[in-house]
Number of protein chains: 2
Amino acid sequence: MLNLIKSRRSVRQWKSDAVREDDVEKVLDAAMNAPSAGNEQPWQFVVVTDKAVLNKAAGLNPYGGFVKDAPVAILVCGDVRLEKFPGYWVQDCSAAVENMLLAAHALGLGAVWTSVYPIDDRIVGFRKLFNLPSEVIPFALIPLGYPRVKGRDASSRFNPSRVRKNIW
Amino acid sequence: MLNLIKSRRSVRQWKSDAVREDDVEKVLDAAMNAPSAGNEQPWQFVVVTDKAVLNKAAGLNPYGGFVKDAPVAILVCGDVRLEKFPGYWVQDCSAAVENMLLAAHALGLGAVWTSVYPIDDRIVGFRKLFNLPSEVIPFALIPLGYPRVKGRDASSRFNPSRVRKNIW
């Protein structure tokens, strides 16, 4: 587990092969087993394989053009109707995304966290493209596929200067 | 990895045994290998083993009294001076916390995510207790220890009603 956490890296280039449906489900399963405030699980997911939709989604993020090359992408949304503790859906959805990235890596898939929230024009664009209800906030788009290039070797980002003892 | 993600559960009761220092470092290492916006890594950590400080911290969160019983707790903070992309430190720190919870579970430790941000009075209290600079925002306190009780068996939270295809 620790090695998987440390060897995970963002992947933005994929083979054209489709991702197995059961692997997509495993990634979603990992997402939904994230912790959340009061176990509120305030997430919703849209699995995107339609190339026309992926092409449009790629155009909504200036740093996300590579999304059009992914065989599948998962839109993660926060549903404020499901919040028990208002203000925590961003943390809950972030934990879900991290689980997705780790699960993808464990399955031999490559993924990257492309952000929607809190950038207003991306939120508007994704909401329109996916026809989301007003209470469902597009949070992040996670493209997935089999990596076309080998990821960077794991090198730890551990930085002892960021750690203090008992007091700042 | 997938089984570890699915078998992780919140642990709030611990044996009094100290946590090995190298295990604490592995948890911090996992945290700092989380993804972040533009790899900004905007996090800071305070490792708390001083019982007087743990007792005070336990009193700052009405849902966190059990923190006083933990042999160690790690305060995760966001440092806005380190942000390259303003507005993302909460997502970055959330991914770091999820890595910490998974690493702890992999090491046989039990942990739970107790929140500080975005609750104003908790932020004020933790800032004062730990003497944090104004740019450093207390985000979450993660108590760690060897579990006193067996965790619940893993039962998946996978919910197919939360998954749509290509459009809402």
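Once both labels are positioned 7 Å from their Cα atoms along Cα-to-Cβ, the gap between residue A:20 and residue A:167 label points is 5.6 nm. Averaging the Cα positions of each part gives two centres, and for segment B:36-91 and segment A:104-168 these lie 21 Å apart. For segment A:33-48, the Karplus equation 6.51 cos²θ - 1.76 cosθ + 1.60, evaluated at θ = phi - 60°, returns couplings of 9, 5, x, 8, 4, x, 6, 6, 6, x, 10, 9, 9, 10, 8, 10 Hz by residue, with Gly and Pro reported as x.
Give the shape of the protein assembly as shown as rounded, prolate or oblate, defined through the alpha-carbon gyration tensor: a ≥ b ≥ c are the square roots of its eigenvalues, a/c under 1.5 means rounded, and otherwise the shape is prolate if a/b is larger than b/c and oblate if not. Since a/c reaches 1.5 and a/b is larger than b/c, the shape of the protein assembly as shown is classed as prolate. By the combined test of axial Cα extent (at least 20 Å) and Kyte-Doolittle hydropathy (mean at least -1.0), the qualifying DSSP H helices of chain B come to B:89-106.
Can you put B:94, A:155 in order, fewest other beta carbons within 10 Å first?
A:155, B:94
DSSP beta bridges fully contained in the protein assembly as shown are about 85 percent antiparallel. For residue B:39 and residue B:80, the FRET efficiency from 1/(1 + (r/R0)^6), where r spans their Cβ atoms and R0 equals 22 Å, is about 0.85. Ordering A:150, B:6, B:84 by the number of other Cβ atoms within 10 Å of each residue's own Cβ, fewest first, gives A:150, B:84, B:6. Residue by residue along A:122-131, Cβ atoms of other protein chains within 10 Å of the local Cβ number 1 on average. Averaged over the residues of peptide A:36-49, the number of Cβ atoms from other protein chains lying within 10 Å of each residue's Cβ is 3.
Can you sort B:63, A:117, A:146 by how many other beta carbons sit within 10 Å, fewest first?
Result, fewest neighbours first: B:63, A:146, A:117.
No value in this document is a laboratory result; all are computed from the given coordinates. Please read all numbers here as calculations on a predicted model, not as lab measurements. All Cβ positions, even for glycine, are placed from backbone atoms using ideal geometry, and neighbour counts span all protein chains on display.
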